[in-house]
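The values are calculated or read from the model by the stated rules, or taken from the named source; none is laboratory data. On a predicted model such as this, the values are computed, not experimentally measured, just so you know. Using ideal geometry, Cβ is built from the backbone for each residue, glycine included, and neighbour counts are taken over all protein chains shown. Heavy atoms of the whole protein, side chains included, go into the accessibility calculation; ligands, DNA and RNA do not. Shrake-Rupley method; radii C 1.70, N 1.55, O 1.52, S 1.80 Å.
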Amino acid sequence: MSLFWIVFSQLAEIEAMALSKKVITKEEWEKKLNDVKIRKEDMNKLVMNFLVTEGYVDAAEKFRMESGTEPDIDLATITDRMAVKKAVQCGNVEDAIEKVNDLNPEILDTNPQLFFHLQQQRLIELIRNGKVEEALEFAQEELAPRGEENQSFLEELEKTVALLAFEDASSCPVGELLDISQRLKTASEVNAAILMSQSHEKAKLCMVNWTTDPKLPSLLKMLIWAQNQLDEKAAYPRINDLSTAKLEDPPV
């Protein structure tokens with residue numbers, strides 16, 4: 001049984017006990033938590049998954065040596081993947097595209113949505129730098145043909161070009177496209193595609209379901225969701241600070 005289902009089943013059981021908004025003492029809660037057995041190897045895999053996915057190559061190598069946990073991909077490939085991600089985050093999209101093609105040309109050849117989003121990011125960077133004529137030419141020659149073939153691409157292109165109609169981007173309804181968060185979104189998409197291509201064959205051979213998102217943050221989000229659901233039905237020792245995971249006494 002996976003760690004996800006162990007945690008989920010325990011939370012479901014606790015939630016079922018709390019239908020009448022009962023008060024669960026810290027002692028009762030800790031006893032319930034102690035009954036959950038999680039293997040150290042599973043915890044180590046969670047940590048390694050996070051380090052590999054987020055690109056902490058040095059930390060991943062040290063963790064591999066200290067814990068004996070083997071990563072799902074070659075750690076040497078992380079540096080190249082992070083170089084692509086950093087290029088997008090800095091707005092150097094052309095450089096990022098070249099680096100992706102150097103790694104594996106099939107990544108963009110087989111993922112038209114990713115390639116469009118990279119080209120869209122190139123257009124955004126031209127607009128950000130005030131290169132209006134170059135932006136219009138690029139949109140017409142590179143993006144418009146793709147928009148004619150895909151309605152969703154066309155809608156995204158129209159939103160991006162709308163930035164040119166406003167001198168002050170902050171007053172544009174789609175001004176968020178110029179936010180750094182848009183670069184991070186595109187960089188994350190590229191990172192996921194490269195990671196998938198690097199891990200695909202090994203994942204296939206091992207018969208595992210590879211995910212391009214780190215599992216640890218997902219588990220923390222699930223914890224927050226479960227606590228919010230349980231708040232409506234019980235008073236219990238809550239974890240308010242995820243950095244310490246300290247159980248707070250339930251309100252009386």
What value does the chain have for Rg/Rh, both radii from Cα atoms and Rh as Kirkwood defines it? 1.08
Taking 189-195, 127-133 and ranking on average Cβ neighbours within 10 Å, highest first, one gets 189-195, 127-133
Proximal lysines relative to K233, as straight alpha-carbon distance under 20 Å, when same-chain residues fewer than 8 apart are discounted: K21, K22, K26, K31, K32, K221
Using a simple charge model, +1 on the beta-carbon of Lys and Arg, -1 on the beta-carbon of Asp and Glu, nothing else, what dipole does the stretch 32-124 show about its Cα centre, in debye to the nearest 20? 480 debye
Of V36, V47, V84, which is the most mobile in a GNM of the chain whose springs link Cα atoms less than 10 angstrom apart? V36
Only Lys, Arg, Asp and Glu count, each charged at its Cβ (+1, +1, -1, -1), so figure out the dipole size of the stretch 128-170 about its Cα centre, rounded to 20 debye. 140 debye
Simple Cβ-charge dipole of the chain, Lys/Arg +1 and Asp/Glu -1, about Cα centre, in debye nearest 20: 1400 debye
If the label point is 7 Å along Cα→Cβ of N150, which residues in the stretch 77-119 have backbone nitrogen under 15 Å from it? 107-119
How far apart, in nm, are two points set 7 Å out from the Cα along the Cα-to-Cβ line at V36 and at D231? 1.9 nm
For a quick check, take a GNM of the chain with Cα springs below 10 Å and name the residue from N101, N92, N240 with the largest mean-square fluctuation. N240
Report the extension gain between R238 and E176 in nm, rounded to one decimal, defined as 0.36 nm multiplied by the number of residues separating them, less their alpha carbon distance. 18.8 nm
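If each residue of separation counts as 0.36 nm, what is the full-extension length gain between C90 and F166 once their alpha-carbon separation is subtracted?
Details: separation 76, 0.36 × 76 = 27.36 nm, distance 2.36 nm.
Separation in residues times 0.36 nm, less the Cα-Cα distance, equals 25.0 nm.
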For the chain, give the percent of accessible area contributed by carbon and sulfur heavy atoms, probe 1.4 Å, rounded to a whole number. 53 percent
Would you list the P(r) distribution for the stretch 28-164, with all Cα-Cα distances sorted into 10 Å bins from 0 and each bin expressed as a whole %? 11, 28, 23, 17, 13, 7, 1
For K85, the accessible surface traced by a 1.4 Å probe with all protein chains present amounts, in square angstrom to the nearest 10, to 40 Å²
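Could you provide, to the nearest whole Å², the per residue accessible area of the chain with probe 1.4 Å? List each step's numbers first, then the result.
Working: 15400 Å² over 252 residues.
Value for the chain: 61 Å² per residue.
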Most mobile of M196, M65, M82 per a Gaussian network model of the chain (Cα springs, under 10 Å)? M65
With unit charges on the beta carbon (Lys/Arg positive, Asp/Glu negative), name the residue among P173, L242, I124 whose Cα is farthest towards the positive pole of the charge dipole of the chain. L242
